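To keep things clear, I will list the structure first and then write my remarks on it.
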Amino acid sequence: MFTIKGQLTEAVLSTARYQTVRMEVQEREFIPLVFNGEEKTFESLFKTHFKSLYAYAYTIVRDEMAAEEMVQNVFFKIWEKKGGLDIQSPALAYLYKSVYHESLNYLKHQKVKAAYQAHTVYQMKNQTDHASKKIMLSELEQQINKALSELPEQCRTIFQMSRFEELKYKEIANKLGLSIKTVENQMGKALKVLRLKLVDYLPFLVALLIEP
């Protein structure tokens with residue numbers, strides 16, 4: 001399926017091929033005049049070849065604004081260095097070659113730019129994730145301390161000895177002078193209360209709140 005844009009591009013390219021044959025001899029004289037600073041000759045060269053050079057640049061960069069910029073950059077550099085360039089090839093060949101290299105440099109720059117942007121996004125995401133985890137852990141610690149402070153003293157002590165000091169029920173019972181059954185009951189009570197108060201954080205507290 002042909003599009004209007006595609007037909008236009010093909011027409012421009014066909015025109016460019018025709019102009020290449022028709023003007024090659026004439027253009028051998030254009031370049032020295034352009035580089036000597038003759039504005040009218042430079043303007044004529046620009047108007048004559050802009051469309052065909054634009055179409056060529058577009059086949060490389062695949063972006064209309066970028067293609068136009070590539071051609072403009074080439075002519076700007078020609079005008080800027082009009083007194084110091086030594087061209088050994090016909091004007092049209094020089095222009096196409098210049099547009100080609102300008103377009104390649106653009107693509108390389110875009111690739112570097114894209115890689116840098118991807119790296120920046122990755123870094124920002126990591127920093128955001130790290131900051132979010134830090135905030136979450138801080139909130140979790142506050143909620144655990146709050147929930148523990150609301151437990152009866154004996155219940156809280158038994159829970160802390162079991163979970164934070166990693167003592168067995170028998171060891172806790174011996175240290176506190178209680179029966180193992182009392183320690184078990186107090187742990188069950190502590191776990192039930194903490195599960196209710198910390199329900200939003202359960203995925204992070206499995207090891208802390210499961211039955212031993």
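Step through the residues of the range 40-45 one at a time and calculate ³J(HN,Hα) from phi using the Karplus curve (6.51 cos²θ - 1.76 cosθ + 1.60, θ = phi - 60°), rounding each to whole Hz and writing x for Gly and Pro.
Couplings: 5, 5, 4, 5, 5, 4 Hz.
Quick one: Glu39, Glu184, fewest Cβ neighbours within 10 Å first, how do they rank?
By the 10 Å Cβ count, ascending, the order reads Glu39, Glu184.
Among 140-151, 57-68, how do they line up from the highest to the lowest mean number of other beta-carbon atoms within 10 Å?
Going from most to least packed, we get 57-68, 140-151.
Read-outs throughout are calculated quantities, based only on the coordinates presented, and are distinct from any laboratory measurement. A quick note: this is a predicted structure, and the numbers were derived from the prediction, not measured. Quick reminder, even Gly has a Cβ in these numbers, built from the backbone with ideal geometry, and neighbours come from all protein chains shown.
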